[in-house]
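Worksheet for the structure shown next.
The values are calculated or read from the model by the stated rules, or taken from the named source; none is laboratory data. Keep in mind it's a predicted model, so treat the numbers as computed, not measured. FYI the Cβ positions are ideal-geometry reconstructions off the backbone, even for glycines, and counts take in every protein chain you see. Quick note on the areas: whole protein, heavy atoms, side chains included, nothing else; ligands and nucleic acids left out. Shrake-Rupley method; radii C 1.70, N 1.55, O 1.52, S 1.80 Å.
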Amino acid sequence: MLTFHRHIALFLTLFLSACAGRAPAPQAPAPTPGPDAPAATQPPAFVPLGTDGGSAIRPWHPGSAGNQIRQAIFDGAWTAVRDKHFDKTLGGLDWDGLRTKYEPLALAAPDEPTFYRLLNEMLGLLGQSHLQVHGPGEEPAAPPDEISAPQTRTAAADAIREAGDDYGDPGLLVRIIEGKPTITRVRPGSSAAGAGLRPGFLVTHIGGRALDSLPASGRALRPVEERFRLRQLAARRLAGLVGSRVSLRCLDENDRPIEVMLERDPPAARAIQVLNMSPVVPQVASRQVGEVGIVSFNVFLLQPVLGEVQKAIDGFRARGARSIIIDLRGNPGGIGAMVIPLATRLSTAPLTLGTIVYRDFSNTLATTASLGIKPFAGRVVILTDEGTASTSEIFTAGLQEAKRALVVGDTTAGAALGSIIEELPGGAVVQIPVADFKTPKGASIEGRGVQPDRRVFETRAGFLAGHDVVLDAGLDMAKASHP
Amino acid sequence: MTIAVLLSLLAAAPAESAAHLRPAQAILADYANAIGGRAAWKQLRSVHIKRALTVAGQGASGSEEHWATADGKNLSVSTLRDVGTFRQGADGHATWSQDPVFGLRILDGAEQEEARINGAWNAEADLASLYLSVSSVPPPQEARTETGADLECVELRKKRGKPSVLCFDAKTHLRVLQTGAQPSPGGDIPYKLVFGDWRAVKGIKTWYLEKMTAGPTTVEGRITSLVFDEKIPASRFKMPKP
């Protein structure tokens, strides 16, 4: 009579499978539902300590209070991984030995970016996704030509700031196309659009820093992983306080160099932060093209995203759609449990997506017969790219293996573990992989990604010509089943 | 002393300690008395509880509200901010659950059995009646370290599902720890509950703090309001429509 209800236990063990802690922010939703689809805000890694245009890096003095905080952050992260990682053996690594090696180096680091880099280098030796520490001061200071505080404040920006959602971006998405950082989307009406930027332009520098390499990693990265991380790096550099500015150097359609100073626009709606994930403006967009329904969303959340996606699917069914395209390009995951109701909406027969393997027990992700649900029975096509990660991959892999969906696009990120993001002292957080994921056939997606049924190669020329070749291929596949 | 003798002594040790355990019925009877006695509990007609929920270290919090009446009806509504609302109830006919993950379901099998036990009226003063059988067992290895108390433990076996182990402080006879497995559509989820902050209300004693650990996550539930014998309309317990 008096215990609190343990359906929460069920929920909690399913929840977080996002490939990003607070730092790598979810991307804007894919553009397929139409030009009116709003873009998401790209919150940055962490609020820099100095947001008034001064140094974002905390001054470092050995023996100061900062040293105690660093020690506490190191202890917290090291211990959390030891006690909560799904693999009790930590891949056979000598975890105590790594502490002996890295602790003195990290504590003596000359600045906060170096401290966090060393800590993440140690965690990186496990060679897994969902394993990172973030905290105040981790990003190097912005160059002096960047204005980090707005010079003039608009009413909209002020309203958002008061609500605590004071991060925005200039409205462009940068991905690696044919090996080069390329603008692949420009949000209509954004600062980037106003500056004349277009899909297909090549980006060389953001914020005065070259965008040609990643920070050192403790291991060799797979090609798709490199593309994924560069995409995240670009998003982080572009994001910042609403009204602040960021410089961009790029090559236009004729390879002429141009440089623009872009203002970061306010987010389209209120950002929400769930379970220590990066704040995100949830976006769901849908449209129907003939007998094909198309829905995209930028993050897996039970509230409010799930309800809107379910409504879109029900709407397609009611309007006689025979196929549905689910566009998961750039979707970094989120609440892992959302795969169950979403798959339930798309399955007329019981379907198992896979198993979440915790440290001491396992839980199956399977559709459940819910009262009042009429599932969609037609063909399902899922669009993917290198930014399709985590919960998105679990959903895609499960439906693909069950032959319930065809996958079109690029190999996914290969970052499919269940995780939690725990708070550490000093405002830092650590993301810990607390569960592995296996498909019903026992395959791991982590480190491999989901291989599309039809791989589509995107080109700069295609973006310059305004084509979305992945969506076009998806539509072809969706219509292939129609008489 | 030969190795064989040593082994036989070691083998005999658990049996000897088990023989010293008090009978489960006696442990449960002491618990019933410690929380006010069966008579005091039997006088109650309804309960309305509000709890604050906090997911430790993970930036999530919420609330739970629970209503139950002496005729066996109950409803729990738990909400985690920006995550979702979870409902579970029994209207006298069906035991049901509604949440964003599994939708609206009539519970059956081990899930229904677990819900029946959790929602049973006056369960605390008559725990044995809810289970198929009860027996005393040695405390789990880590339990004493966890609670810092001498414990007496009882294994509670259900009609369906895995048994639970409930441990009581040997001095106060109040419950301090419970372990078990929560049935779910995806399989059993092992959990541990720790109870504390006992307070007297209207002649009975109950815990105000409950910490649940499932996998890597710990949730704390703290009672913010507890009212007995409030008038609760029957409509409160109606199962939602699909």
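Against the test of being surrounded by fewer than 19 Cβ atoms within 10 Å (Cβ to Cβ), over 28 Å from residue A:447 (Cβ atoms) and of a type in the set (Asp, Glu), the options A:94, A:111 yield a single qualifying residue, A:111.
Would you say residue A:424 is out of contact with any strand residue (DSSP E or B) (no Cβ under 8 Å at 6 or more places or on another chain), over 25 Å from residue A:324 (Cβ atoms) and of a type in the set (A, V, I, L, M, F, W, C)?
It is false that residue A:424 is out of contact with any strand residue (DSSP E or B) (no Cβ under 8 Å at 6 or more places or on another chain), over 25 Å from residue A:324 (Cβ atoms) and of a type in the set (A, V, I, L, M, F, W, C).
The sole residue among A:456, A:434 that is in contact with a strand residue (DSSP E or B) (Cβ under 9 Å, 6 or more places away or on another chain) and either open to solvent by less than 10 Å² (accessible area, probe 1.4 Å) or charged (D, E, K, R) (or both) is A:434.
If you take the residues in segment A:241-256 that are out of contact with any strand residue (DSSP E or B) (no Cβ under 6 Å at 6 or more places or on another chain) and within 18 Å of residue A:199 (Cα to Cα), which one is most open to solvent (accessible area, probe 1.4 Å)?
Keep residues of segment A:241-256 that are out of contact with any strand residue (DSSP E or B) (no Cβ under 6 Å at 6 or more places or on another chain), which gives A:241, A:243-244, A:253-256.
Narrowing the set further to residues that are within 18 Å of residue A:199 (Cα to Cα) leaves A:253-256.
Working: A:253: 75, A:254: 97, A:255: 83, A:256: 131 Å².
Top of the filtered list is A:256.
Yes/no per residue for (1) modelled with pLDDT of 90 or more; (2) in contact with a helix residue (DSSP H, G or I) (Cβ under 6 Å, 6 or more places away or on another chain); (3) among the hydrophobic types (A, V, I, L, M, F, W, C):
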residue: B:158; (1), (2), (3): yes, yes, no
residue: B:163; (1), (2), (3): yes, no, no
residue: B:170; (1), (2), (3): yes, no, yes
residue: B:175; (1), (2), (3): yes, no, no
residue: B:189; (1), (2), (3): yes, yes, yes
residue: B:197; (1), (2), (3): yes, no, no
residue: B:203; (1), (2), (3): no, yes, no
residue: B:220; (1), (2), (3): yes, no, no
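Can you confirm whether residue B:199 is within 14 Å of chain A (Cβ to nearest Cβ), open to solvent by 50 Å² or more (accessible area, probe 1.4 Å) and in contact with a strand residue (DSSP E or B) (Cβ under 9 Å, 6 or more places away or on another chain)? If you could, list the steps in order and put the result at the bottom.
Details: within 14 Å of chain A (Cβ to nearest Cβ): yes; open to solvent by 50 Å² or more (accessible area, probe 1.4 Å): yes; in contact with a strand residue (DSSP E or B) (Cβ under 9 Å, 6 or more places away or on another chain): yes.
Here the answer is yes, as residue B:199 does meet what is asked.
Do we have any residue at all in segment A:226-235 that's touching an Asp or Glu at 6+ places or on another chain (Cβ under 7 Å) and part of a loop (DSSP other than H, G, I, E, B)? Scanning segment A:226-235, I find no residue that is touching an Asp or Glu at 6+ places or on another chain (Cβ under 7 Å) and part of a loop (DSSP other than H, G, I, E, B), so the answer is no. In the condition set (1) small (Gly, Ala, Ser); (2) within 7 Å of another protein chain (Cβ to nearest Cβ); (3) in a strand (DSSP E or B), residue B:52 is compliant with all but (2).
Sort through B:233, B:240, B:183, B:216 and tell me the only one that's facing chain A (nearest Cβ under 10 Å) and surrounded by fewer than 17 Cβ atoms within 10 Å (Cβ to Cβ). Steps first, please.
Details: B:233 fails: facing chain A (nearest Cβ under 10 Å); B:183 fails: surrounded by fewer than 17 Cβ atoms within 10 Å (Cβ to Cβ); B:216 fails: surrounded by fewer than 17 Cβ atoms within 10 Å (Cβ to Cβ).
After applying the criteria, what remains is B:240.
Scan segment A:340-366 for residues that are polar (S, T, N, Q) and more than 10 Å from chain B (Cβ to nearest Cβ) and jot them down.
Narrowing segment A:340-366 to residues polar (S, T, N, Q): A:344, A:347-348, A:352, A:355, A:362-364.
Of everything in segment A:340-366, those that are polar (S, T, N, Q) and more than 10 Å from chain B (Cβ to nearest Cβ) turn out to be A:347, A:348.
In the set (1) surrounded by fewer than 18 Cβ atoms within 10 Å (Cβ to Cβ); (2) over 14 Å from the mean Cα position of the chain (by Cα), residue B:157 fails one condition alone, (2).
Pairing each residue of segment B:17-46 that is closer than 27 Å to residue B:231 by Cα and open to solvent by less than 30 Å² (accessible area, probe 1.4 Å) with any residue that is among the basic types (Lys, Arg) and part of a helix (DSSP H, G or I), provided the two are 6+ apart or on different chains, yields C-beta distances under 9 Å for B:32/B:38. Scanning segment B:142-187 for residues that are in a loop (DSSP other than H, G, I, E, B) and charged (D, E, K, R) yields B:142, B:150, B:158, B:159, B:160, B:162, B:171. Answer yes or no: is there a residue in segment B:97-113 that is modelled with pLDDT of 90 or more, surrounded by fewer than 20 Cβ atoms within 10 Å (Cβ to Cβ), on the phi > 0 side of the Ramachandran plot and more than 9 Å from every other protein chain (Cβ to nearest Cβ). Among the residues of segment B:97-113, at least one is modelled with pLDDT of 90 or more, surrounded by fewer than 20 Cβ atoms within 10 Å (Cβ to Cβ), on the phi > 0 side of the Ramachandran plot and more than 9 Å from every other protein chain (Cβ to nearest Cβ), which makes the answer yes.
Filtering segment B:104-138 to residues that are under 30 Å from residue B:42 (Cα atoms) and in a loop (DSSP other than H, G, I, E, B) leaves B:107, B:108, B:120, B:121, B:122, B:131, B:132. Can you name the residue in segment B:85-96 that is part of a strand (DSSP E or B) and touching a strand residue (DSSP E or B) at 6+ places or on another chain (Cβ under 6 Å) and is also most open to solvent (accessible area, probe 1.4 Å) among such residues? Once the filter is applied, the top-ranked residue is B:87.
The residues of segment B:212-242 that are touching a residue at least 60 places away in the same chain (Cβ under 8 Å) and assigned to a strand (DSSP E or B), listed by number, are B:217, B:218, B:219, B:220, B:221, B:222, B:223, B:224, B:225, B:226, B:227, B:228. The residues listed here are A:369, A:337; of these, the one that is within 11 Å of chain B (Cβ to nearest Cβ), within 28 Å of residue A:386 (Cβ to Cβ) and modelled with pLDDT under 95 is A:337. Taking (1) outside any helix (DSSP H, G or I); (2) modelled with pLDDT of 95 or more in turn, residue B:30 satisfies each apart from (1). In segment B:76-86, the residue that is nearest to residue A:343 (Cα to Cα) out of those that are more than 7 Å from chain A (Cβ to nearest Cβ) and out of contact with any Asp or Glu (no Cβ under 7 Å at 6 or more places or on another chain) is B:85. Scanning segment A:459-478 for residues that are under 30 Å from residue A:252 (Cα atoms), part of a helix (DSSP H, G or I) and either open to solvent by less than 20 Å² (accessible area, probe 1.4 Å) or without any contact (Cβ under 8 Å) to a residue 12 or more places away in the chain (or both) returns A:462, A:470, A:471, A:472, A:473, A:474.
Do we have residue B:208 as out of contact with any Leu (no Cβ under 6 Å at 6 or more places or on another chain) and closer than 23 Å to residue B:116 by Cβ here?
Values: out of contact with any Leu (no Cβ under 6 Å at 6 or more places or on another chain): yes; closer than 23 Å to residue B:116 by Cβ: no.
Answer is no for this residue.
Going by the structure shown, is residue B:82 in a loop (DSSP other than H, G, I, E, B) and either under 27 Å from residue A:367 (Cβ atoms) or open to solvent by 10 Å² or more (accessible area, probe 1.4 Å) (or both)? Even if it seems obvious, please write down each step before you answer.
On the way: in a loop (DSSP other than H, G, I, E, B): yes; either under 27 Å from residue A:367 (Cβ atoms) or open to solvent by 10 Å² or more (accessible area, probe 1.4 Å) (or both): yes.
Yes.
Among the residues of segment A:328-338, the ones that are assigned to a helix (DSSP H, G or I), among the hydrophobic types (A, V, I, L, M, F, W, C) and within 14 Å of the chain's Cα centre (by Cα) come to 0 in all.
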